[in-house]
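*Asks:* Quick one: the structure is below, and I'll ask about it shortly.
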Amino acid sequence: MRPHSSAIRFRREALNMSLAMLSERTGIDKTHLSKVQNGKAGLSNENIQKLAEALGVTPADITHEEKS
């Protein structure tokens, strides 16, 4: 799965969540999350799942994968 950078940023900002807060909730380095949001890095499927859970969405909501 490829992360959808703008969907991740939009959801995080809608929750008034900083990158630091998201990093704490997921265990993913803040610098790496910043790169993901800027389209300069990817995430493993495991980390996409962690990110989706922290943002309260499904993995399909924050990736370029088709929703079923």
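The values are calculated or read from the model by the stated rules, or taken from the named source; none is laboratory data. Bear in mind that the values here come from a model prediction, so they are computed numbers and not experimental data. As a convention, Cβ positions derive from the backbone with ideal geometry for all residues, glycine included, and neighbour counts pool all protein chains shown. Heads up: the accessible areas ignore ligands, DNA and RNA and are worked out on the full protein's heavy atoms, side chains in. Shrake-Rupley method; radii C 1.70, N 1.55, O 1.52, S 1.80 Å.
*Asks:* Looking at the chain as a GNM with Cα springs under 10 Å, which of LEU43, LEU51, LEU33 has the largest mean-square fluctuation?
*Replies:* Result: LEU43 has the largest fluctuation of those listed.
*Asks:* Let me ask something else. State the extension gain, in nm to one decimal, for the chain segment bounded by ASN16 and GLU46, taking 0.36 nm per residue of separation less the distance between their alpha-carbons.
*Replies:* Working: separation 30, 0.36 × 30 = 10.80 nm, distance 2.38 nm.
Between ASN16 and GLU46, full extension yields 8.4 nm more.
*Asks:* Right, something else. Straight distance only, please: which aspartates and glutamates reach the Cα of LYS50 with their own Cα at less than 18 Å, same-chain residues fewer than 8 apart left out?
*Replies:* GLU13, GLU24, ASP29, ASP61, GLU65
*Asks:* How many nm is it between the label spots at GLU24 and GLU65, if each spot is 7 Å from the Cα in line with the beta carbon?
*Replies:* 2.9
*Asks:* Something else now. Mind listing the long-range amide H neighbours of THR63? Cut-off is under 5 Å, sequence gap 5 or more, other chains count too, H placed in the peptide plane at 1.01 Å from N.
*Replies:* HIS4
*Asks:* Per the 1.4 Å probe, what fraction of the accessible area of the chain, in percent, lies on carbon and sulfur atoms?
*Replies:* Numbers: 1880 of 4190 Å².
So the carbon and sulfur contribution to the accessible surface is 45 percent.
*Asks:* What per residue convex hull volume, in Å³, do the alpha-carbon atoms of the chain yield? Display every interim value, and only then the final one.
*Replies:* Details: hull volume 4.8 nm³, N = 68.
Spelled out: Cα convex hull of the chain, divided by residues, is 71 Å³.
*Asks:* Are there GluC sites (Glu not before Pro) in the chain that DSSP marks as loop and that have at most 16 other Cβ atoms within 10 Å, and which are they? Could the numbers behind the result be given before it?
*Replies:* Working: sites: GLU13, GLU24, GLU46, GLU53, GLU65, GLU66; in loops: GLU65, GLU66.
For GluC sites (Glu not before Pro) across the chain that sit outside H, G, I, E and B with at most 16 neighbouring Cβ atoms in 10 Å, the list reads GLU65, GLU66.
*Asks:* To the nearest 500 deg cm²/dmol, what mean residue ellipticity at 222 nm is calculated for the chain from DSSP H runs of n ≥ 4 alone, each contributing -39,500 (n - 2.57), summed and divided by the residues? Before the final figure, lay out each step's value.
*Replies:* On the way: 4 runs with 37 residues, N = 68.
When only DSSP H runs of four or more count, the value is -15500 deg cm²/dmol.
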